[in-house]
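Just so you know, all these numbers are worked out from the coordinates, no wet-lab data involved. Just so it is clear, the model here is predicted, and its values are computed rather than measured.
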Amino acid sequence: MTQKGNIGVTTENIFPVIKKFLYSDHEIFLREMVSNAVDATQKLKTLADRGDYKGELGDLTIQVKLDSEKGTLTISDRGIGMTEEEIDKYINQIAFSGVNDFLDKYKDNANAIIGHFGLGFYSSFMVSKKVEIITKSYQDGAKAVKWSCDGSPEFTIEDAEKEDRGSDIILYIDDDCKEFLEKSQIEQLLNKYCKFLPVPIAFGKKTEWKDGKQVETEEDHIINNVEPLWTKAPSTLKDEEYKQFYRTLYPMQMDEPLFWIHLNVDYPFNLTGILYFPRIKNNLDIQRNKIQLYCNQVFVTDQVEGIVPEFLTLLHGVIDSPDIPLNVSRSYLQSDRDVKKISTYITKKVADRLNGIFKENRKEYEEKWDDLKIFINYGMLSQEDFYDRAKDFCLLKDIEGKYFTLDEYKTLIKDEQTDKDGNLIYLYANNLEEQYSYIEAAKAKGYSVLLMDGQLDTPSVSMFEQKLEKSRFVRVDADIIDRLIVKEDAQKNELEEDKRDNLSEVFRSQMPTLEKAEFMVEVQALGETAQPVIITQSEYMRRMKDMSRYQQGMSFYAQMPDSYNLVLNSDHPLIKKVLDDETAAVSELLKPVESEIRGQQARVDVLRQEQNKKKYDEITQEEKDDLQASEKALNEQKDKKKAIIADYAKSNAVVHQLIDLALLQNGMLKGAALDAFLKRSVDLIK
């Protein structure tokens with residue numbers, strides 16, 4: 001007997017809605033079809049376990065078959081099947097899920113049942129112009145029936161021939177979805193979504209080499225592992241099994257993981273999984289969306305923000321939970337309180353595991369620290385509660401390659417590296433080669449220097465300054481060594497002010513113009529053994545520019561030029577020689593100019609003093625013009641003085657050599673300037 005009718009929906013537009021909006025991607029249909037077949041099989045196993053089904057289970061393999069000539073894709077199972085009444089109830093009434101009824105009855109021991117909304121079957125119409133169900137219930141005396149629908153609300157149900165229990169879902173693939181009739185496409189989707197389903201899934205036959213070519217055998221090609229590693233007890237697994245599973249998940253990943261964390265919790269929610277810490281060598285290795293989210297072994301998504309704390313999205317692995325709330329298509333996570341609980345649990349589990357490794361085998365932990373650091377720093381920067389957990393196993397590494405906890409390092413440096421104001425100064429370098437001389441100067445003072453060359457060390461430095469009481473981090477090239485850790489008030493420079501100014505101008509006038517770089521010149525008495533010329537860079541400005549790469553709203557710092565100090569050591573014989581030569585060469589030329597400068601400066605000072613006594617509107621135009629003319633005359637004389645000094649300095653090879661040596665030390669001498677330096681060096685040696 002043939003029955004005709006309309007599917008019980010509230011609008012005739014339900015199929016266009018399903019086709020366009022219900023699911024995030026058309027390929028999801030295959031996951032839903034196979035998942036429904038798994039559900040039907042798991043239901044039958046549950047009935048058998050309870051004794052409600054007495055028959056033989058037999059081979060429960062789900063078959064996925066392509067027929068390119070007919071344009072069909074068929075998913076067949078030997079599960080619970082359906083009667084005509086069940087088809088009418090569960091297929092014809094959209095969103096009235098048979099799973100809900102089943103779970104109500106068998107909630108205490110039901111096997112993993114995937115669907116919860118009754119809409120998964122209708123995802124088939126995203127790619128099909130017609131869908132048929134040929135099904136036979138497991139119940140004694142049940143008749144086989146065939147349900148057919150062409151994507152409109154109209155359907156037909158009629159008697160059918162089917163010997164075995166279970167269901168065949170036959171999809172007549174639509175003309176605009178022909179890619180789903182390609183074997184490679186279906187194999188790829190099965191591998192993506194069904195790789196770890198708990199029931200065997202066969203797609204085609206295994207092949208073997210015979211007579212120089214691949215030929216099919218009689219054996220089914222099973223595409224899934226029904227017992228993936230995360231479903232097993234950690235105590236039963238060996239390290240090699242974890243590594244092999246990692247290679248299965250990420251066949252293109254060449255390096256082995258640092259280590260892994262096996263998640264297994266059943267209260268207050270169900271959650272299993274394995275998280276791997278990969279080796280990250282550079283920014284190109286930082287790829288999110290590497291953690292795969294499953295629901296009862298069905299792949300859902302690899303976009304796990306919300307479930308996994310942000311900093312752990314750098315990890316690889318699998319999370320499986322039936323308790324993670326999903327929307328109707330199982331493609332997007334719904335944010336709620338349970339999700340936050342799961343995220344908190346994962347954070348705690350990761351922290352406990354790291355702390356356990358640190359305490360149980362510190363040597364192994366230190367060996368992995370350089371690779372682990374990016375995960376831990378990211379976590380401490382992004383989550384307050386993780387910082388509180390991680391501060392005890394966060395390590396600092398010095399330039400000698402020794403590792404210290406935060407408390408250990410504080411104890412190490414507090415006697416030598418506390419400044420006059422009671423601040424603990426952490427000195428660090430981020431390039432051992434480029435900052436070698438600065439490091440050596442610090443070591444000569446008995447200071448310890450940290451190596452902070454990681455990808456997140458710049459923001460981490462600022463974080464530590466906020467968290468650690470009365471502490472500052474200073475890069476070794478941020479200033480001359482005596483000002484990095486100020487132990488007492490600075491001694492007054494004995495060089496006369498005029499000589500300091502002239503010496504500064506000698507070097508300032510010959511500084512090259514470098515793109516996005518500004519130089520300030522100062523004179524300091526550093527001792528005869530210190531370098532004659534040193535370039536330092538402001539810690540604040542350099543750090544702000546570095547931070548602009550990480551934080552929005554700071555981009556204006558990136559546009560600013562780099563700010564450097566060129567420090568002249570007035571105690572060094574070479575600097576003294578330059579000063580003596582300059583004095584001998586230009587003192588007579590400068591006398592009348594300096595006399596004029598003093599006179600003009602005195603006049604400007606008097607005029608400004610007189611005008612400061614008056615309100616602005618009381619100052620006459622004549623008085624304003626007089627001051628302006630005097631200031632102009634003063635500046636002209638200053639420019640004249642600079643020109644005289646610059647004219648002398650441009651022919652002084654020692655000045656240029658000292659400047660270039662300082663630039664070379666900081667990697668700032670290149671191209672034509674470097675070539676000129678090399679030629680000058682040869683000339684000076686002759």
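Scaled to the globular estimate 2.2 N^0.38 Å, the Cα spread of region 473-548, given as radius of gyration, is 1.26. The long axis of helix 573-612 is offset from the longest Cα principal axis of the chain by roughly 90 degrees. Taking Cα atoms only, the orientation of helix 497-508 departs from the longest principal axis of the chain by about 50 degrees. Three principal axis extents describe the C-alpha atoms of region 550-662; from largest down they are 56, 55, 23 Å. Amide H contacts under 5 Å for ASP562: ALA517, GLU518, restricted to partners 5 or more places along the chain or on a different chain, H placed in the peptide plane at 1.01 Å from N. Using C-alpha pairs below 8 Å separated by at least 6 residues, the relative contact order for region 144-284 is 12 percent. Averaging 1/r over each pair of different alpha-carbon atoms in region 126-251 and inverting the result gives 18.4 Å, the Kirkwood hydrodynamic radius. Diffusion coefficient (Stokes-Einstein, Kirkwood radius over C-alpha pairs, 10 °C, 1.306 mPa s) for region 406-497: 113 µm²/s, rounded to a whole number. The phi-based Karplus calculation (6.51 cos²θ - 1.76 cosθ + 1.60; θ = phi - 60°) puts the 3J(HN,Hα) values of region 658-664 at 5, 4, 5, 4, 5, 5, 4 Hz, whole numbers, x for Gly and Pro. Relative contact order of region 321-462: 18 percent, from C-alpha pairs under 8 Å at least 6 residues apart in sequence.
Counting only the Cα atoms, region 299-457 fills a convex hull of 140 Å³ per residue. Relative to the dominant Cα principal axis of the chain, helix 457-467 is inclined by about 80°. Amide H contacts of THR301: LEU293, each under 5 Å away and 5 or more positions distant or on a separate chain (H built 1.01 Å from N in the peptide plane; Pro and chain starts excluded). Please report the spacing between the Cα centers of region 127-185 and region 381-449 in Å, no decimals. Each part reduced to its Cα centre gives a spacing of 69 Å.
Based on C-alpha pairs under 8 angstrom that are at least 6 apart in sequence, the chain has a relative contact order of 8 percent. Rg over Rh for region 361-400 works out to 0.99, using Cα positions for both radii and the Kirkwood form for Rh.
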